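S.K.: Sending over a structure as structure tokens; questions will come in a sec.
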Amino acid sequence: MESVAEIEQRMQSARRSFDEVKAEIARVIVGHEDLIEDIFIALVCGGHCLLEGVPGLGKTLLVRSLGEILSLSFSRIQFTPDLMPADITGTNMLTDDPSGRKVFEFQRGPIFAHIVLADEINRATPKTQSALLEAMQEQNVTVGGKLHRLEHPFMVLATQNPIEMEGTYPLPEAQVDRFFFKLVLEFPTHAELSRIAELTTASPPGALREIIDGPAILQMRQWIRDVPLAEVVKDYAVRIVLSTHPQKQQGNSAAMAQKFVLYGSSPRGLQSLILAAKARALFAGRPNVAFDDIRAMLLPSLRHRLILNLEADAEGMGAERILQEIVAQVPEITANSL
Amino acid sequence: MSEAPEILRQKFLQLFGWEKRKRRQEILTTLVCYSLLSALLLLPVYFLLPESFLRWFIPLPIFFTLAPFLFVGRRWRRGDSARALVHLDKALHSDERAITAWELMETKATRPAALLVLNQAAERLKTVDPKALFSRSRRWQDYALIPLLLVWGGLLWFDVDSWLSPDIQTPAQQGLAQKLREFSRELQEKAGSEGLRQSLQVGRELEKAAQKSIESKIADEQFKSELSGMSSKVEALGKPVGNEPSFATAESRQSLKDLKAELEAAQELLNLPDGAKGARDVGQPSLDRLATLPQLKRQLDQQGQANRSLSQSELKSVLDAMDKQVTGELDRRTLLDAQQFLEQLAKQGQAEKAETNARIAGRGEQDFPGDGEKAKSNSNRPGSEPGTKEEAFQPAPQLPAGAATHLKGMIGEGNSSGVALKAKPSAGKTEVSQEEVIATYRRQAEQELNTERVPEALKETIRRYFLSLETKQEQK
């Protein structure tokens with residue numbers, strides 16, 4: 001059994017690794033510190049991320065750099081309307097065995113990597129998109145009646161362009177819900193743009209250093225689950241998730257949900273919220289989850305799980321703003337918290 | 001073994017103890033405030049209390065009624081402990097370590113991760129003093145408590161509740177009872193000095209009724225009905241007893257008073273040793289002396305007794321009967337005055353005039369012709385037009401030379417208390433002895449001395465003066 005000192009040591013180790021990853025990525029990626037933190041949190045939590053941003057913001061570079069730093073395999077799939085599921089998962093090929101007999105051999109698709117970049121995922125047909133479904137949730141693929149396990153850690157980073165919607169197939173709610181986080185890439189600031197120009201037009205930086213490997217990430221995944229969570233903090237997260245539901249009465253916050261939300265967050269939203277909060281606490285060097293962790297992980301965890309109604313569209317209300325309003329109205333502790 | 005759990009337990013106990021204490025004080029302050037507020041709101045219904053002093057205890061039952069609800073409703077719960085710890089974490093910026101540690105201690109968690117939380121929480125709480133960290137915060141109840149207490153106490157001290165009560169007499173209504181009491185005292189004084197027994201009795205009863213009304217704060221309508229009842233009772237007492245009209249009914253009040261004084265003088269005269277020489281017949285000198293008393297002589301003339309030869313006992317019985325009739329008539333008229341006063345007092349807005357009229361009738365002592373006959377008429381009630389005042393003094397009657405001069409002195413300022421009779425002195429020796437005159441004066445002086453019109457300080461001086469007159473006469 002571990003001692004308290006060992007727990008302290010591993011907590012420091014996790015924090016140090018986290019800081020080093022951020023610092024190493026910062027060598028090639030300008031800005032997006034929060035985005036990098038969130039992707040790393042999602043990775044160690046075993047989740048997948050949906051990245052939303054206009055082209056050219058460095059999404060692919062970010063994901064590739066992460067793969068290099070973490071010493072993990074990386075693959076990229078460009079989603080197009082004619083992309084087939086087998087193009088993702090792989091297929092059985094007819095080949096000759098050493099004895100000359102014709103046999104089917106499974107050729108692994110690009111999904112078989114630790115980090116998969118599904119670029120412009122909304123350009124593929126739902127059929128192809130759904131091929132990702134099993135892989136993301138079960139972390140295995142079934143081809144020709146045979147189950148093929150994916151290597152751990154496994155993470156899908158899907159991107160989509162929020163502007164160019166023509167000829168796209170919006171992701172179904174069930175698939176969106178399987179993403180641990182939805183992260184939004186903001187356009188760089190003046191200083192960041194200037195730095196990007198400087199970095200990309202000069203000699204390329206040296207090769208990225210490997211910080212941690214797959215087994216270390218899997219170890220961290222276990223540590224995260226050991227982080228204690230107070231009942232009142234958990235109750236706070238639960239009340240926030242309930243407040244996103246128009247059918248559930250949660251004081252003043254219910255008004256916002258009733259007005260603009262069609263369907264609130266699923267239980268997966270609560271799971272990702274609490275798990276992400278635990279990871280954030282661990283990487284902050286804290287042995288327990290705080291209210292601030294819940295609030296910090298709220299938008300990445302829940303923004304893609306709210307289905308808004310037409311009134312929200314008409315008034316230009318986004319999920320982010322609704323969540324911010326809700327969290328401002330939900331008290332940290334109530335009389336029924338315990 | 002780590003000391004963290006023990007440190008945390010002590011700190012948590014300190015924190016909860018302090019917060020519970022603050023809660024109890026808050027509840028007490030709130031209770032007192034609500035009790036005082038309720039007591040203030042209930043001011044208009046304080047009159048319902050059986051005893052006046054009980055209003056000072058009104059907040060107590062409210063306090064004890066609300067106390068169980070507040071103390072039970074706001075009792076310390078587990079959620080309150082959690083809230084206190086969350087506030088502690090906020091104050092210490094400890095990122096919910098305290099609340100997490102508390103929950104872990106409750107579940108007796110022994111995982112290393114849990115112990116790490118306990119250690120870190122204990123490290124942060126070790127030097128924390130909950131009393132210093134969470135000092136009492138002032139609420140509106142704390143600020144309102146003393147002012148509310150002062151306002152409530154002040155209102156009660158100045159009997160504001162009696163003003164707010166709808167059933168309690170207004171100052172004007174209270175004036176009715178006070179006027180009645182004042183009148184009844186004057187009535188008793190007057191009746192006592194004139195020997196009017198029924199009036200004295202009525203005066204006492206009226207004073208009792210007025211005093212009761214003032215003390216028990218009887219409602220206006222009820223008091224008016226009481227006044228009406230008293231008026232009827234007094235009216236019944238004031239009715240003539242016999243069917244045969246008395247000679248006294250035709251006389252004015254002042255005439256009756258003079259007659260009564262003369263009757264007293266005559267009875268004293270008859271009781272003198274020289275007047276009782278003849279056991280059977282009254283001597284001529286005595287009769288002559290009686291003839292000097294004008295009102296008595298007039299009455300004796302009217303009754304045909306003047307020229308008769310009467311024995312002393314017969315004369316005495318005549319005088320006694322006359323005295324009884326005069327006293328009865330005066331008593332009856334006084335009662336009628338009182339009855340009129342009560343009637344008019346019962347009528348709101350006319351009380352003042354009624355009082356004025358009653359006083360004019362009772363104490364003004366200005367004679368009006370036919371006063372006796374008008375006792376029941378409207379002449380004594382306030383008229384719609386200003387009346388005319390008759391001459392205060394009647395023309396002095398022409399008395400024979402040597403007739404005794406019967407004067408009532410004027411004492412102090414104010415109206416004369418009697419009729420001043422002026423007689424032209426005639427030459428020769430007076431037929432009334434000096435002793436009689438001095439005795440009469442002394443008696444009248446004694447009567448006046450018994451009234452309040454003579455200052456207390458001068459009473460003894462006046463008494464000594466009359467005694468000195470007597471002494472001088474004896475020396476001669």
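S.K.: Would you calculate the separation in nanometres between label points at A:ALA314 and B:ARG442, each defined as 7 Å from the Cα along the Cα-to-beta-carbon direction?
M.R.: About 11.9 nm, to one decimal.
S.K.: For B:THR451 and B:SER225, what does the FRET efficiency come to when R0 = 35 Å and r is the distance between their Cβ atoms, rounded to the nearest 0.05?
M.R.: Efficiency, rounded to the nearest 0.05: 0.50.
S.K.: Quote the FRET efficiency, to the nearest 0.05, computed for A:SER73 versus A:SER130 with a Förster distance R0 of 25 Å and r equal to the Cβ-Cβ distance.
M.R.: E between A:SER73 and A:SER130, to the nearest 0.05, is 0.60.
S.K.: Separate question: In whole Hz, what ³J(HN,Hα) sequence does region B:199-213 give by Karplus (6.51, -1.76, 1.60; θ = phi - 60°), x for Gly and Pro?
M.R.: Each residue's phi maps through the Karplus curve to give 5, 4, 5, 4, x, 5, 5, 5, 5, 4, 4, 5, 5, 5, 5 Hz.
S.K.: What base-10 log of the normalised intensity I(q)/I(0) is obtained for region A:217-307 from the Debye formula, alpha carbons as equal point scatterers, at q = 0.16, 0.18, 0.23 Å⁻¹?
M.R.: With one equal scatterer per Cα and no solvent, log10 I(q)/I(0) is -0.62, -0.75, -1.07.
S.K.: Would you mind checking region B:27-41 for residues with the amide N under 14 Å from a putative spin-label position 7 Å along Cα→C-beta of B:LEU149?
M.R.: Counting only backbone N, you get B:28-37.
S.K.: Using modelled amide H (1.01 Å from N, peptide plane; none on Pro or chain starts), what sits under 5 Å from the amide H of A:ARG76, excluding residues fewer than 5 places away?
M.R.: A:LEU117
S.K.: Still on this structure: Go through B:LYS257/B:LYS459; A:LYS102/A:LYS146; A:LYS22/B:LYS126 and tell me which ones have a Cα-Cα distance over 28 Å in this structure.
M.R.: A:LYS22/B:LYS126
S.K.: Once you place label points 7 Å from the Cα toward the Cβ at B:GLU123 and A:GLN247, how far apart are they in nm?
M.R.: 4.7 nm
S.K.: Follow-up. Please state, rounded to one decimal and in Å, the Kirkwood hydrodynamic radius that region A:82-213 gives when every pair of distinct Cα atoms enters the mean of 1/r.
M.R.: Kirkwood radius, region A:82-213: 17.8 Å.
S.K.: I would also like to ask the following. Amide H to amide H under 5 Å from A:LEU183: which residues, 5+ apart in sequence or cross-chain, H placed 1.01 Å off N in plane?
M.R.: A:LEU50, A:LEU51, A:GLU52
S.K.: Assuming R0 = 22 Å, can you tell me the calculated FRET efficiency for the pair B:LEU28 and B:PHE53, based on Cβ-Cβ distance, to the nearest 0.05?
M.R.: Using R0 = 22 Å, I get an efficiency of 0.30.
S.K.: Show the residues, 5+ positions off or on another chain, whose built amide H is closer than 5 Å to the amide H of A:PHE106.
M.R.: A:MET93
S.K.: Let me ask something additional. Could you run the Karplus curve 6.51 cos²θ - 1.76 cosθ + 1.60 with θ = phi - 60° over region A:172-182 and give me ³J(HN,Hα) per residue in whole Hz, x for Gly and Pro?
M.R.: Along region A:172-182, the couplings run x, 4, 4, 7, 4, 5, 7, 7, 5, 10, 10 Hz.
S.K.: Comparing the chain by itself with all protein chains present, which residues of region A:251-297 are at least 40 Å² less accessible (probe 1.4 Å)?
M.R.: With the partner chains in place, region A:251-297 has these residues losing at least 40 Å²: A:ARG286, A:PRO287, A:ASN288, A:PHE291.
S.K.: Placing +1 at every Lys and Arg Cβ and -1 at every Asp and Glu Cβ, with all other atoms neutral, what dipole size does region B:30-167 have around its Cα centre, in debye to the nearest 20?
M.R.: 720 debye
S.K.: Starting from the Cα coordinates of region A:3-85, work out the convex hull volume and express it per residue in Å³.
M.R.: Enclosed volume per residue, from the Cα hull, is 124 Å³.
S.K.: With labels modelled as points extended 7 Å from the Cα through the Cβ direction, what inter-label distance (nm, one decimal) is found for B:HIS93 paired with A:ILE307?
M.R.: Going by the 7 Å Cα→Cβ label model, 4.4 nm.
S.K.: I'd like the orientation of helix A:59-69 relative to chain A: the angle between its Cα long axis and the longest Cα principal axis, in ° from 0 to 90, rounded to 10.
M.R.: Between the helix axis and the principal axis of chain A, the angle is about 80 degrees.
S.K.: Oh, and also: Given 0.36 nm per residue, what is the gain on full extension from B:LYS108 to B:TYR465 after removing their alpha carbon distance, in nm?
M.R.: 117.5 nm
S.K.: For region B:4-123, taking Cα atoms only, what is the radius of gyration to one decimal and the Dmax to the nearest whole Å?
M.R.: According to the Cα coordinates of region B:4-123, Rg and Dmax are 22.0, 72 Å.
S.K.: Can you pull the accessible area of B:ASP80 for me, 1.4 Å probe, Å² to the nearest 10?
M.R.: Counting only protein heavy atoms, the figure is 20 Å².
S.K.: A further question follows. Helix-only estimate, please: 222 nm mean residue ellipticity of chain A, summing -39500 (n - 2.57) across DSSP H runs of length 4 or more and dividing by its residues, to the nearest 500.
M.R.: Rounded to the nearest 500, the figure is -14000 deg cm²/dmol.
S.K.: Among A:PRO215, A:VAL184, A:VAL63, which residue has its Cα positioned farthest towards the positive end of the charge dipole of chain A, with +1 placed on the Cβ of Lys and Arg, -1 on the Cβ of Asp and Glu, and the dipole taken about the Cα centre?
M.R.: A:PRO215
S.K.: Next question. Would you report the distance distribution of C-alpha pairs in chain A as whole percents per 10 angstrom bin, up to the bin with the largest distance?
M.R.: Computed distribution, short to long bins: 5, 23, 31, 26, 12, 3, 1, 0.
S.K.: Let me ask something additional. For region B:185-191, just list the computed ³J(HN,Hα) in residue order, Karplus coefficients 6.51, -1.76 and 1.60, θ = phi - 60°, integers in Hz, with x standing in for Gly and Pro.
M.R.: Residue by residue, region B:185-191 yields 5, 5, 4, 5, 4, 5, 5 Hz.
S.K.: What number, in percent, do you get for the relative contact order of region A:196-325 if the mean sequence gap of Cα pairs under 8 Å and at least 6 apart is divided by its residue count?
M.R.: It rounds to 25 percent for region A:196-325.
S.K.: In whole angstrom, note down how far apart the Cα centers of region B:21-63 and region A:251-311 are.
M.R.: Distance between centres, Cα-based: 50 Å.
The values are calculated or read from the model by the stated rules, or taken from the named source; none is laboratory data. Being a predicted model, the structure only gives us computed values, none of them experimental. Backbone-built Cβ (ideal geometry, glycine too); neighbour counts: all protein chains shown. Just the protein is used for accessible areas: all its heavy atoms, side chains included, with ligands, DNA and RNA removed. Shrake-Rupley method; radii C 1.70, N 1.55, O 1.52, S 1.80 Å.
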